[in-house]
Structures are given as C-alpha cells and as structure tokens.
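Colleague: Pasting a structure here, questions to come.
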Amino acid sequence: MLIFTPFAFILLRVLSGIIPPIPGFMIDTIGIALFGSVFGLLYAEIGVMIGAIISFFMARKFRDSFLAKKLFLEKIHNWEVKIPENKKF
C-alpha cells in the first residue's frame, strides 16, 4: 500500500491544478512532510506539470463552446481585427 502513496499524491496535485479551489500549497506541505523536501518537490512538480498539460488541452478543446456560452464571440473577433499585425502574438 505504501508504494501507491506517491501516485495518490501526484493525482491529488494534478487535481489541484485542474480544479482551482483545491489549494496546492497545502498539498505541497503534506508532500514535503510525507516524502521529504527532495521527493516531495519532485512529486509535486510532476503533478503540477501533468495538471497543466491537462488544463491546456481542456481549454483548447472546449474554448469556443465555453466562450460562446459565457461571452459574445463576435465582440472578441471584432476586437482581434483591430489589433495590428505586428502586435499579435
């Protein structure tokens, strides 16, 4: 059972990256207490990176459907047209 503890910690850290109300700092503190500073940081960073990758792909997939519900896409596109070509990212 002890071998699955790092995986559970990483999963918890992934969830804290995807679901904003879950405080990552508190989870990191628990990880440092359980695994020490080196492995606690390593496991936390693995979880943060996986969570960031999942969040990125979720945002990419659901961007237009989410924005269409929450914002007026026409206003966004009109605003984008006003940006000069050399200033675009």
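Colleague: Nearest 500 deg cm²/dmol is fine: what mean residue ellipticity at 222 nm does the chain get from its DSSP H runs of n ≥ 4 alone, each adding -39,500 (n - 2.57), divided by its residue count?
Modeller: Value at 222 nm, helices only: -27500 deg cm²/dmol.
Colleague: Taking only Cα atoms, what is the 0 to 90° angle, nearest 10, from helix 24-70's long axis to the longest principal axis of the chain?
Modeller: 20 degrees
Colleague: Of Gly47, Ile22, Ala8, which is farthest on the positive side of the dipole of the range 2-87, counting Cα position, with +1 on Lys and Arg Cβ, -1 on Asp and Glu Cβ, and the Cα centre as origin?
Modeller: Ile22
Colleague: Give me the tail of P(r) for the chain as a percent: Cα-Cα pairs with distance above 14 Å.
Modeller: In whole percent, the long-distance tail amounts to 71.
Colleague: Also, quick follow-up: In nm, what is the difference between 0.36 nm times the number of residues separating Leu15 and Arg63 and their Cα-Cα distance?
Modeller: 15.3 nm
Colleague: Please work out the FRET efficiency for the pair His77 and Ser37, using the Cβ-Cβ distance as r and a Förster radius of 41 Å; give the result to the nearest 0.05.
Modeller: Using R0 = 41 Å, I get an efficiency of 0.25.
Read-outs: derived from the displayed coordinates by stated rules, not from any lab. None of the values given here were measured: they were computed from a predicted structure. Every residue, glycine among them, receives a Cβ derived from its backbone with ideal geometry; neighbour counts consider all protein chains shown.
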